[in-house]
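First comes the structure, then the notes that go with it.
The values are calculated or read from the model by the stated rules, or taken from the named source; none is laboratory data. A quick note: this is a predicted structure, and the numbers were derived from the prediction, not measured. Every residue, glycine as well, gets a Cβ built from its backbone with ideal geometry; the counts of neighbours run over all protein chains shown.
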C-alpha cells in the first residue's frame, strides 16, 4: 500500500497524471487497507487478542480514514480550482478535519469501551507515548523554526505524528510481550 | 508483585488461552500478569481468586 502511494505521488508530481486521476487512484489504493485490516483482525482472533472493543474501534477508524481521504482530496481539489478564501475556505477545511475528529473520537471510545484492563492500560500508555512524541518534537521544531534553522510546517502534522508515536509504542510493547515468553 | 498463576494453571492443565477464556480477558492479559509485567486491578484479582477458589493472598505475593 505504501508502494502504491509512492507510485501515485511520483506520477502526480511528474505530471504524468492529473489531479482527479491521482485522487481516484489514491482512493482505490486505500481499498487495499480492507484485506490488510481483515488479516490483522483474523490473526488477533486466532491468538485470542481480539476484543469486541477492538473490532468496533477498527470499524470506526476505517470509516473515518476513508472519510479523511475523500475529504482531503475534495478539499485540495476545491481549493486549487476555485481559490476559496474566508468562510468558504473554512468550510472546505472541515472536510478532512471532521473525519480526523471522528478518528480521535474512535480512539477515545475505545479506551472507554475496552473491558480488558490490560489492553486498556496498554492503549493508554501508547496514547501518552504518542502525545510525548508530539510535545517533544513540536517544541523542538518550534524553537528551531523561531531561530530560522528549519522551515515552517503545518500544524495538522500533529495528528499523524501522534499516531506514529502511538503505533511505535504499541509495536514495541507487542514485541516485548513476545520476548516475555508468551505461550 | 509475584504470583502463582502459572503453577495454578499448570496444576489444572489449562493453557493461557483457557485461563483467559475463563476470566473473560485477553491471553495477553494472562501472559502479562503471569510474567509479572502487569499487576491486575482489585476486581480482576478477586475474579482470579474466585476462579481458583483461593484467597487472593495465596495467589499474589507482595515483593
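For the range A:105-134: of the residues being exposed (fewer than 14 other Cβ atoms within 10 Å of the Cβ) and over 30 Å from residue B:22 (Cβ atoms), which is farthest from the other protein chains (Cβ to nearest Cβ)?
Step by step, filter the range A:105-134, then rank; the result is A:105.
Any idea which residue in the range B:8-31 is farthest from the other protein chains (Cβ to nearest Cβ), counting only those that are surrounded by fewer than 15 Cβ atoms within 10 Å (Cβ to Cβ) and in a loop (DSSP other than H, G, I, E, B)?
Restricting to residues being surrounded by fewer than 15 Cβ atoms within 10 Å (Cβ to Cβ) and in a loop (DSSP other than H, G, I, E, B), the top hit is B:12.
Looking at the range A:141-157 only, could you name the residues that are under 23 Å from residue A:171 (Cβ atoms) and modelled with pLDDT of 95 or more? If you could, list the steps in order and put the result at the bottom.
Initially, the range A:141-157 is screened for residues under 23 Å from residue A:171 (Cβ atoms), giving A:157.
Once the filter is applied, which keeps residues that are under 23 Å from residue A:171 (Cβ atoms) and modelled with pLDDT of 95 or more, the range A:141-157 yields nothing.
So for the range B:38-48 (the condition being away from chain A (no Cβ under 14 Å) and not in a helix (DSSP H, G or I)), does at least one residue qualify? Spell out the reasoning first.
Filtering the range B:38-48 down to residues away from chain A (no Cβ under 14 Å) leaves none.
Scanning the range B:38-48 turns up no residue that is away from chain A (no Cβ under 14 Å) and not in a helix (DSSP H, G or I).
Quick one: which residue in B:54, B:1 is over 11 Å from the mean Cα position of the chain (by Cα) and closer than 23 Å to residue A:173 by Cβ?
Working: B:54 fails: closer than 23 Å to residue A:173 by Cβ.
Among B:54, B:1, only B:1 is over 11 Å from the mean Cα position of the chain (by Cα) and closer than 23 Å to residue A:173 by Cβ.
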